[in-house]
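Structure first, then comments.
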Amino acid sequence: MTDAQFEIQLIASLVAIACAIPGTFLVLRKMAMISDAISHSILPGIVVGFFITQDLNSPLLILLAAMTGVLTVVLVEKIQKTKLVKEDTAIGLVFPALFSIGVILIAKFANDVHLDIDAVLLGELAFTPFDRVFYGDIDLGPKSLWVIGIILSVTLTLLFLFFKELKLSTFDAGLATSLGFSPVILHYGLMSVASITTVGAFDAVGAILVVALMIAPAASAYLLTTNLKKMIGLACFFGVFSAISGYWVAHWLDASIAGSITTMLGVVFLFVYLFAPSKGLIAVLYREKQQRIEVSLITFLLHLKNHSEKRERHVNHLNEHINWEKVRSKTVLTLALKNNMILITDDIVSLTDKGDEFTSKAIEYILTNEDSLIEDMKDDFFLFRG
Amino acid sequence: MEKIAVKVDDLTVAYNYKPVLWDIDLKIPEGVLMAIVGPNGAGKSTLIKAILGILKPIAGSVTIFDKPYKSQRKHVAYVPQKGSVDWDFPTTALDVVMMGTYGSLGWIKRPGIKEKKRALEALEKVGMLSFKNRQISQLSGGQQQRIFLARALVQDASIYFMDEPFQGVDATTEVAIINILKELRKAGKTVVVVHHDLQTVPEYFDWVTFLNVKKIATGPVKDIFNDDNLTKTYGINYKVSIQK
């Protein structure tokens, strides 16, 4: 691995972490689309900043562009407050307007400079090692590395200082207000960080893909944990994993790095979406199937409880009486036997004491919906887990 | 004369220039357990939110123990409607209760062992200690409401505002909650509850405010909870059988 390769992966990883942190809060605040809006509408800010500074990595350019990002949020909220259109419509109105101004500005005035639409949309990670910072004769590394490194340090400091406030205002803005933590300040603080990070990441991955770096890692992490700190950590991990593996996929396919990173983000999400232990698709399908079987089990046990006649409790008659196909009856019978809820003697099924108690409790729960009764049954049966 | 815990003067709140609360004057004496009743859209939740500064009134003022709310935050606890938050948020019951301690911590400072201990005590009080590590979406509606109550208890306030704490809870939880509210009153706290079930007003509360955009009446349940005020508030010829 060459120095340049290492630097590209390092930059991509830092960008991924810097995006994953605000991205987690955007996902939890159901504002994922706002990051899409910000990433597009900062374009005119970048262009104007570039006219003034002639340097894509200048701090002034980053601040100007970030302000356009915050402006987008303000405009979306203003339009939304009129109640004439909904939030998604407002987003759809604001960012293409700002983005198109940026496109026209580039086409009209910046044709001959190092700023073209392709680079803006897709970034140029592969070129980042060429633009370097020097102190006298000493090579201090790629400029992009410095830019994203500083942005990430600021983000981490803010996250460390205001984690509690961000969590509270994201979960319950009303309580945050009543306790004296202004959700408005925190909201715009988060939007500013998201905007600045977007500008910083822009150079590396471009306007379209930066959205993926903000949303996909957080969305994957959301399916895996019930702890906010772990969610942020996992999102950062998924971001870095996709950044590095994406780089090598691009290397192997000789394709766009940004495109490969985003593809990896998609692959990671798909994998988590399918296999997450409790929220994943397979787990959900399995749970639904188990719940169906458990409902059948209770129906079956209730039938036994209500009928003392032998005729009603004969194995062969059960099929006809409860009107199930054979496979289902067999699954239910096995489950009941496994849990010692029934006894079968001479093909006559009868409830055990345990089965009798279980049935009463379950029916009581279904009728009264009082949780305390079935708390001990939650571990064994999906049905009682709400 | 008894101390006034909350004083509301000429309060008017409007959404898009349409008043939802009109010229409300209200004095809540210290140590009462008060219900705010009124039909849907009467502005009950709005009144609480305006008192707590969550909504900005277009006119009027609110004082808590004779001072503006901003300087009295530490004396006030708030239980929002259960539906106002996303219960899929990645956090545990204990963590939600800990949020009640954030107000006394202020900005930046993190909750520590002392705060955790207080949160655990509050969880025990509402009978939810064994659920402390449960993810909040895995709790039933009644349990979620108890968590919210515990979060308010942790604030150790003098005045408690609760927005429909009995909504969607089972009978056991309702009894558990009202017992805690009565205990708070016994300890000299003031409790203000947005309430829907008129039948239980005389049994649960000692003070009541009738609200329908304007204030209809406020006072001790035994004096003013009558068919006359109910009819004025709900518009139709309203009658409940009241056991006095």
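Output the residues belonging to region A:54-98 that are open to solvent by 80 Å² or more (accessible area, probe 1.4 Å) and charged (D, E, K, R).
Of everything in region A:54-98, those that are open to solvent by 80 Å² or more (accessible area, probe 1.4 Å) and charged (D, E, K, R) turn out to be A:Lys78, A:Lys81, A:Lys83, A:Lys86, A:Asp88.
Among A:Thr352, A:Thr359, A:Thr331, which is the only one that is under 30 Å from B:Val126 (Cα atoms) and either at pLDDT below 80 or surrounded by 12 or more Cβ atoms within 10 Å (Cβ to Cβ) (or both)?
A:Thr359
Among the numbered criteria (1) closer than 22 Å to A:Glu165 by Cα; (2) more than 9 Å from chain A (Cβ to nearest Cβ); (3) within 19 Å of the chain's Cα centre (by Cα), which one does B:Lys182 miss?
B:Lys182 satisfies all of (1) closer than 22 Å to A:Glu165 by Cα; (2) more than 9 Å from chain A (Cβ to nearest Cβ); (3) within 19 Å of the chain's Cα centre (by Cα) except (1).
Could you tell me whether A:Asp55 is over 30 Å from the mean Cα position of the chain (by Cα) and either acidic (Asp, Glu) or within 14 Å of chain B (Cβ to nearest Cβ) (or both)?
So A:Asp55 passes the test.
Given the condition surrounded by fewer than 24 Cβ atoms within 10 Å (Cβ to Cβ), closer than 24 Å to A:Ser169 by Cβ and of a type in the set (Val, Ile, Thr), answer yes or no: does some residue in region B:166-185 qualify?
Within region B:166-185, none of the residues are surrounded by fewer than 24 Cβ atoms within 10 Å (Cβ to Cβ), closer than 24 Å to A:Ser169 by Cβ and of a type in the set (Val, Ile, Thr).
Where in region A:220-330 are the helices (runs of 4 or more DSSP H), entirely inside, with at least 1 residues that are under 17 Å from the mean Cα position of the chain (by Cα)?
A:228-253, A:257-275, A:281-306
Please work out which one of (1) without any contact (Cβ under 8 Å) to a residue 24 or more places away in the chain; (2) within 14 Å of chain A (Cβ to nearest Cβ); (3) more than 19 Å from B:Lys70 (Cα to Cα) is the condition B:Ser45 fails and give its number.
So the condition that B:Ser45 fails would be (1).
What number of residues within region A:1-50 satisfy the criterion of being among the hydroxyl-bearing types (Ser, Thr, Tyr) and in contact with a Ser or Thr (Cβ under 9 Å, 6 or more places away or on another chain)?
Going through region A:1-50 one residue at a time, the tally reaches 3.
Restricted to region A:230-246, and to residues that are closer than 20 Å to A:Asp203 by Cα and buried (at least 23 other Cβ atoms within 10 Å of the Cβ), which residue is farthest from the other protein chains (Cβ to nearest Cβ)?
So, considering only residues that are closer than 20 Å to A:Asp203 by Cα and buried (at least 23 other Cβ atoms within 10 Å of the Cβ), the one farthest from the other protein chains (Cβ to nearest Cβ) is A:Gly246.
Kindly evaluate A:Phe181 against the criterion of being more than 22 Å from the chain's Cα centre (by Cα) and either assigned to a loop (DSSP other than H, G, I, E, B) or surrounded by fewer than 21 Cβ atoms within 10 Å (Cβ to Cβ) (or both).
Yes: the conditions hold for A:Phe181.
Step by step: first the residues of region B:108-127, then only those that are surrounded by fewer than 19 Cβ atoms within 10 Å (Cβ to Cβ) and among the charged types (D, E, K, R), then the one that is farthest from the other protein chains (Cβ to nearest Cβ). Which residue is that?
For region B:108-127, the residue satisfying everything is B:Glu121.
Going through A:Val268, A:Val284 one at a time, which residue ends up being within 30 Å of A:Ile62 (Cβ to Cβ), aliphatic (A, V, I, L, M) and surrounded by fewer than 24 Cβ atoms within 10 Å (Cβ to Cβ)?
Only one candidate qualifies: A:Val268.
Mind telling me which of the residues A:Ala204, A:Ala216 ends up being within 15 Å of A:Leu26 (Cα to Cα) and more than 14 Å from chain B (Cβ to nearest Cβ)?
Result: A:Ala216 is the single residue among A:Ala204, A:Ala216 that is within 15 Å of A:Leu26 (Cα to Cα) and more than 14 Å from chain B (Cβ to nearest Cβ).
Considering only residues that are of a type in the set (Phe, Trp, Tyr) and within 11 Å of another protein chain (Cβ to nearest Cβ), which ones fall in region A:140-173?
Scanning region A:140-173 gives A:Phe160, A:Phe162, A:Phe163, A:Phe171.
Can you spot a residue in region B:147-155 that is under 21 Å from B:Val37 (Cα atoms) and not in a helix (DSSP H, G or I)?
No; the residues of region B:147-155 include none that is under 21 Å from B:Val37 (Cα atoms) and not in a helix (DSSP H, G or I).
The values are calculated or read from the model by the stated rules, or taken from the named source; none is laboratory data. These numbers come from a predicted model, not from an experiment. Here the Cβ is made from the backbone with ideal geometry for all residues, glycine too, and neighbour counts use every protein chain on show. Note: accessible area is taken over every heavy atom of the protein model, side chains too, but ligands, DNA and RNA are not part of it. Shrake-Rupley method; radii C 1.70, N 1.55, O 1.52, S 1.80 Å.
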